[in-house]
Amino acid sequence: MPGGRRPLLRTRLALLAIVWVGGCGSDDPAGTIPTPPNQPGQPGQPSLPATPTPPLRDLAAGVGLRIGAAVDQEIRLTGQAGTNARTVLVREFNATTPGNVMKHDHIHPSPTTYAFQDGDSLVAFAEANGMVVRGHTLVWHNQLASWLTGGTWTQPQAESLLVTHITTVVSHYRGHVVAWDVVNEALADNGARRATFWSNAVGPAYIEKAFRAARAADATVLLFYNDYNIEGTGPKADSAYAMLSDLKSRGVPVDGIGFQAHFQVGGLPTRSDMIANFTRFAALGLKIHITELDVRVPLPATAVSLQTQAQNYRDVVDACRQVSACTMVVLWGFTDAYSWVPSTFSGWGAALPFDASYNPKPAYQALHDLLSTTTQSRAW
Ligand code: G3I
């Protein structure tokens with residue numbers, strides 16, 4: 001059934017124990033979807049810290065923005081920890097993306113084997129809770145299966161491996177993801193093309209071959225280039241702009257650019273610089289997604305650093321809402337209980353809008369305030 005929605009029934013059934021249907025606000029205008037269990041104040045359920053109403057997803061939906069959070073173990077956690085994580089996730093967000101389970105090493109563990117179970121679980125969870133899924137990621141230099149990087153391949157073999165991987169994964173999720181990060185981080189920090197397994201084995205045209213393979217596998221899903229340190233103007237953003245201008249001018253099917261937005265507190269481009277940068281990419285006809293937003297602070301966090309963090313979150317989302325092509329903001333997690341930051345940047349953490357006990361931090365309040373006063377709408 002080309003282009004059709006595939007059932008994913010097996011994993012849906014396996015998930016019944018942990019999936020609930022979340023209250024969806026403006027995603028559920030008739031109010032027919034029951035409130036998730038364990039909401040604060042619900043009799044018989046342990047309370048989570050109170051947050052302002054309506055939740056972020058309803059405020060965002062009201063102006064045509066998706067707001068999402070990447071998930072990893074939050075989907076699989078058992079007991080109260082899992083219940084709490086999923087309750088907050090579905091209450092606040094109407095989009096999600098897999099932190100790891102759709103990456104090459106996870107989803108393609110041997111040359112002839114694909115492991116879709118965890119990705120299917122994520123999709124089933126999202127669909128049951130009124131959330132869209134961004135697929136992440138098809139072509140990257142990290143988290144490639146060792147059978148791939150350890151092999152010796154001719155150029156035609158490597159190209160066939162690239163195309164087969166993309167075709168298989170994109171076809172499997174056709175109708176179930178709204179966008180794919182087709183190529184991730186192809187640029188080095190200085191803006192030069194990064195030398196990677198794929199660029200070496202396939203050649204420099206691997207990027208356009210990847211986009212064309214993804215489009216052949218799904219005629220309508222949005223196809224994104226995704227990278228970090230390109231949110232404001234500068235040499236790396238200029239390189240991304242030149243690369244995407246070239247791809248667009250030659251008819252390569254790229255639909256959007258993802259700005260990852262991993263920041264250090266106080267270390268962002270200015271809001272106006274981000275708006276200027278987003279605007280030039282939008283003028284190429286690209287949609288814009290903020291794809292991996294987090295703002296790490298030195299530990300221990302202080303009242304001052306959390307206030308600066310709040311302003312930083314506000315500036316990024318405000319820059320997005322000022323550019324009509326920007327239709328989605330995805331955070332790289334949502335609770336400080338589960339974040340890639342502390343294990344990667346020693347001495348840093350507290351990067352997300354909820355603390356480890358799901359207390360909303362000033363960053364949450366800043367996003368709530370901003371989206372509460374947003375009137376400009378757009379079509380997602
Ligand atoms: O899967 C293995 C597991 O089998 C093993 O027991 C465990 C022991 O450490 O490691 C597991 O793999 C880890 C994997 O996350 C899944 O949890 C890797 O060690 C760890 O390095 C990997 O980190 C991920 C990182 O990408 C890898 O580069 C982070 O979770 C993930 O959040 C991060 O995400 C990236 C985006 O994809 C691209 N942009 C940057 C962003 C942050 O680095």
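Results, tabulated for the structure shown:
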item	result
Rounded accessible area per residue of the chain, 1.4 Å, Å²	38 Å²
J(HN,Hα) series, region 253-263, from Karplus relation 6.51 cos²θ - 1.76 cosθ + 1.60, nearest Hz, glycine and proline x	x, 9, 9, x, 10, x, 9, 4, 6, 8, 10
Counted charge near residue 101, where neighbours are those whose Cβ lies closer than 15 Å (Asp, Glu -1; Lys, Arg +1)	-3
Per-residue [θ]222 nm for the chain (sum of -39500 (n - 2.57) over DSSP H runs n ≥ 4, rounded to 500)	-11500 deg cm²/dmol
In order through region 174-186: 3J(HN,Hα) via Karplus (6.51 cos²θ - 1.76 cosθ + 1.60), integer Hz, x for Gly, Pro	4, x, 10, 10, 8, 8, 10, 7, 6, 10, 10, 6, 7
Percentage, to the nearest whole number, of Cα pairs in the chain over 35 Å apart	22 percent
Alpha-carbon centroid distance for the pair region 320-380 / region 142-215, whole angstrom	29 Å
In the chain, lysine pairs closer than 26 Å at Cα, eight or more apart or cross-chain	10
Accessible-area ranking of 208, 74, largest first, probe 1.4 Å	208, 74
Dipole of the chain, positive direction: furthest Cα of 77, 158, 333, with charges on the beta-carbon	158
Relative frequency of Cα-Cα separations exceeding 26 Å in region 222-380, percent	27 percent
Hypothetical label at residue 219: residues of region 146-188 whose amide nitrogen lies under 20 Å (7 Å Cα-Cβ projection)	167-180
Portion, in percent, of the accessible area of region 169-295 that falls on carbon or sulfur, probe 1.4 Å	53 percent
Placed amide H near residue 69: partners under 5 Å, 5+ positions off or other chain	95, 96, 97, 331
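The values are calculated or read from the model by the stated rules, or taken from the named source; none is laboratory data. Since the model is a prediction, treat every value here as computed from it, not as a measurement. Backbone-built Cβ (ideal geometry, glycine too); neighbour counts: all protein chains shown. Just the protein is used for accessible areas: all its heavy atoms, side chains included, with ligands, DNA and RNA removed. Shrake-Rupley method; radii C 1.70, N 1.55, O 1.52, S 1.80 Å.
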